[in-house]
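Q: There's a structure below that I have some questions on.
The values are calculated or read from the model by the stated rules, or taken from the named source; none is laboratory data. Keep in mind that what you see is a predicted model, and the values were worked out from it rather than measured. Here the Cβ is made from the backbone with ideal geometry for all residues, glycine too, and neighbour counts use every protein chain on show.
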Amino acid sequence: MAVKKFVVGLFDDEAVLFPAVKKVRTAGYKLHDVYTPFPIHGLDHAMGLRETSLHTAGFIYGITGTTTALSFMSWVFNVDWPLNIGGKPHFPLPAFIPITFELTVLFAAVGMVMTFCYLCQLMPGVKKHIFHPRQTDDKFVMVIELTEKTNAEEVKTFLAAAGAQDINEQKAEAGWWFGRYDKDDEPYLRKIQTAANA
């Protein structure tokens, strides 16, 4: 995985962070991510993130569950083991509704959870670089990726003018990996552990 350079800015207040995100996008810098200790309404739109497709995936999984339930029960009662039970029809739709409903909910729920974990890169053993030890505690962290056309000092000056308190430059793998944290991340983990024990 490629190692990239980032400029990390620490903010104390969401009221300062929100306009800073808009300024960064207007200036044309490549915004890698923003880490906050709680959800901020409208931040996704300010960052330019598109609307999630998770609800579409849930609909597809639900329809798959409905089709699976109706197809399997129809096959069992009409092809595999057709029985004449008191003259009842081989396709008693009202009797199929409870099982169809349950399988629809099961497919949609499990499928959406798995899709969410895949899209957000959440699963056991997955590790990501920690840009700041307090990024999900009480501080707001903005990470800007440095490209070939971006000057690090210019970005630092820009973040300082936008209200960032602590600004530093880091090298990190932008994606995720399995296993333990790299040695470069160990100081951050020690800070987190010290803060948790205090």
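Q: Listed residues Ala57, Ala46, Ala20; which is closer than 19 Å to Ala152 by Cβ, in contact (Cβ under 8 Å) with a residue 24 or more places away in the chain, part of a helix (DSSP H, G or I) and in contact with a helix residue (DSSP H, G or I) (Cβ under 6 Å, 6 or more places away or on another chain)? Step through it out loud before you land on a result.
A: On the way: Ala57 fails: closer than 19 Å to Ala152 by Cβ; Ala46 fails: closer than 19 Å to Ala152 by Cβ.
Going through Ala57, Ala46, Ala20 in turn, the sole match is Ala20.
Q: Now a separate question. How many of the residues making up segment 1-39 are under 15 Å from the mean Cα position of the chain (by Cα), surrounded by 11 or more Cβ atoms within 10 Å (Cβ to Cβ) and not hydroxyl-bearing (Ser, Thr, Tyr)? Steps first, answer last, please.
A: If we filter segment 1-39 for residues that are under 15 Å from the mean Cα position of the chain (by Cα), which is where we start, we get 32-39.
Adding the requirement that they be surrounded by 11 or more Cβ atoms within 10 Å (Cβ to Cβ) leaves 32-37.
Going one step further and asking which of them are not hydroxyl-bearing (Ser, Thr, Tyr), we end up with 32-34, 37.
Here the count works out to 4.
Q: Going through segment 107-152 one residue at a time, which ones are assigned to a helix (DSSP H, G or I), hydrophobic (A, V, I, L, M, F, W, C) and either surrounded by fewer than 17 Cβ atoms within 10 Å (Cβ to Cβ) or assigned by TED's automatic domain parsing to the domain that holds Gly163 (or both)? Step through it out loud before you land on a result.
A: So in segment 107-152, the residues assigned to a helix (DSSP H, G or I) come out as 107-119, 152.
So of that shortlist, the ones also hydrophobic (A, V, I, L, M, F, W, C) come out as 107-110, 112-114, 116-117, 119, 152.
Selection gives Ala109, Val110, Val113, Met114, Phe116, Cys117, Leu119, Ala152.
Q: When both residues are 6+ apart or on different chains and their Cβ atoms are under 7 Å apart, which pairs have a first residue that lies in segment 132-149 and is in contact (Cβ under 8 Å) with a residue 40 or more places away in the chain, and a second that is polar (S, T, N, Q) and in a loop (DSSP other than H, G, I, E, B)?
A: Matching pairs, first to second residue: Phe140/Thr36; Val141/Gln135.
Q: Just checking, how many residues over segment 23-42 are out of contact with any Phe, Trp or Tyr (no Cβ under 9 Å at 6 or more places or on another chain) and either outside the structural domain of Phe158 (by TED's automatic domain parsing) or touching a residue at least 12 places away in the same chain (Cβ under 8 Å) (or both)? Talk me through it step by step, then tell me what you get.
A: Taking segment 23-42 as the starting set, the residues that turn out to be out of contact with any Phe, Trp or Tyr (no Cβ under 9 Å at 6 or more places or on another chain) are 25-26, 28, 30-31, 38-39, 41.
Okay, now just the ones that are also either outside the structural domain of Phe158 (by TED's automatic domain parsing) or touching a residue at least 12 places away in the same chain (Cβ under 8 Å) (or both), so 25, 30-31.
Going through segment 23-42 one residue at a time, the tally reaches 3.
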